[in-house]
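Peer 1: There's a structure below that I have some questions on.
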Amino acid sequence: MDQARARTWLTTAVEEARSGLAEGGIPIGAALFGADGTLLGRGHNRRVQDGDPSLHAETAAFRAAGRQRTYRGTTMVTTLSPCWYCSGLVRQFGISRVVIGEAVTFHGGHDWLAEHGVEIVLLDDVECAELMRAFIADHPALWNEDIGVN
Ligand SMILES: [Zn+2]
């Protein structure tokens, strides 16, 4: 896909990540876009805010989008490489494409998704990486809890 469009869509996910950070949460944001480019849903990680470890940014955006007849042609945009759980969601529902802000601070399941025909657009976005670096430095225990390495 067009990189300029991917970067425009990423700004929505970054806004979500910043909202999460402002709420005292983990700064990961996501947004689901329809095949025609319509924003279907957006959200951010709510582990801390809701005490719910299953509310990742991608799941929050997916749930906000409500029921969709099909996910063919949709794009999940996320500030960070999707974990196994969210990579599973992408495959389960047949989401066609994943736009990723960065995969430096965390390398999730995007190689696996690519192997299974999901289009991956990795943007190497500096702002996304800095957001995570600062957060991990300030809250290492919370980050380890989120990625399950405690
Ligand atoms: Zn996840």
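The values are calculated or read from the model by the stated rules, or taken from the named source; none is laboratory data. Treat the numbers as computed from the prediction; the structure is a model and nothing was measured. Note: ideal-geometry Cβ built from the backbone for every residue, glycine included; neighbour counts use all protein chains shown. The area values use the complete protein model at the heavy-atom level, side chains included, leaving out ligands, DNA and RNA. Shrake-Rupley method; radii C 1.70, N 1.55, O 1.52, S 1.80 Å.
Peer 1: Could you check residue 20 against (1) more than 16 Å from the ligand (Cβ to nearest atom); (2) over 12 Å from the mean Cα position of the chain (by Cα) and say which number it fails?
Peer 2: Tallying (1) more than 16 Å from the ligand (Cβ to nearest atom); (2) over 12 Å from the mean Cα position of the chain (by Cα), residue 20 fails exactly one: (1).
Peer 1: Further question: When both residues are 6+ apart or on different chains and their Cβ atoms are under 8 Å apart, which pairs have a first residue that lies in segment 82-93 and is more than 12 Å from residue 61 (Cβ to Cβ), and a second that is near the ligand (Cβ under 6 Å from one of its atoms) and open to solvent by less than 30 Å² (accessible area, probe 1.4 Å)?
Peer 2: 83/56; 85/56
Peer 1: What number goes with the only condition from (1) without any contact (Cβ under 8 Å) to a residue 40 or more places away in the chain; (2) surrounded by 14 or more Cβ atoms within 10 Å (Cβ to Cβ); (3) within 13 Å of the ligand (Cβ to nearest atom) that residue 54 does not pass?
Peer 2: For residue 54, the exception is condition (2).
Peer 1: Related question: Please go through segment 3-32 and give me each residue that is at pLDDT 95 or above and among the polar types (S, T, N, Q), ordered by number.
Peer 2: 8, 11, 12, 19
Peer 1: Sticking with this one: Restricting the first residue to segment 98-121 and requiring it to be free of Cβ contacts under 8 Å to residues at least 12 places away in the same chain, which pairs with a second residue that is among the aliphatic types (A, V, I, L, M) and not in a loop (DSSP other than H, G, I, E, B) meet a Cβ separation below 7 Å and a spacing of at least six or different chains?
Peer 2: Between residues of segment 98-121 that are free of Cβ contacts under 8 Å to residues at least 12 places away in the same chain and residues that are among the aliphatic types (A, V, I, L, M) and not in a loop (DSSP other than H, G, I, E, B), the close pairs are 114/120.
Peer 1: Right, next: In segment 7-29, is there at least one residue being over 30 Å from residue 141 (Cα atoms), touching a residue at least 40 places away in the same chain (Cβ under 8 Å), open to solvent by 50 Å² or more (accessible area, probe 1.4 Å) and in a helix (DSSP H, G or I)?
Peer 2: yes
Peer 1: Out of the strands (runs of 3 or more DSSP E) lying entirely within segment 71-150, which hold 1 or more residues that are open to solvent by less than 70 Å² (accessible area, probe 1.4 Å) and either within 12 Å of the ligand (Cβ to nearest atom) or of a type in the set (Phe, Trp, Tyr) (or both)?
Peer 2: In segment 71-150, the matching strands (runs of 3 or more DSSP E) lie at 75-80, 97-102.
Peer 1: Anything in segment 58-81 that is aliphatic (A, V, I, L, M) and touching a Phe, Trp or Tyr at 6+ places or on another chain (Cβ under 7 Å)? List them, or say none.
Peer 2: 77, 80, listed by residue number.
Peer 1: Residue 62 versus (1) open to solvent by 20 Å² or more (accessible area, probe 1.4 Å); (2) more than 15 Å from the ligand (Cβ to nearest atom); (3) modelled with pLDDT of 95 or more: which is the lone unmet condition?
Peer 2: (2)
Peer 1: State all residues of segment 30-64 that are touching a helix residue (DSSP H, G or I) at 6+ places or on another chain (Cβ under 9 Å), at negative phi and part of a loop (DSSP other than H, G, I, E, B); if no residue qualifies, say none.
Peer 2: 45, 46, 53, 54, 55, 56
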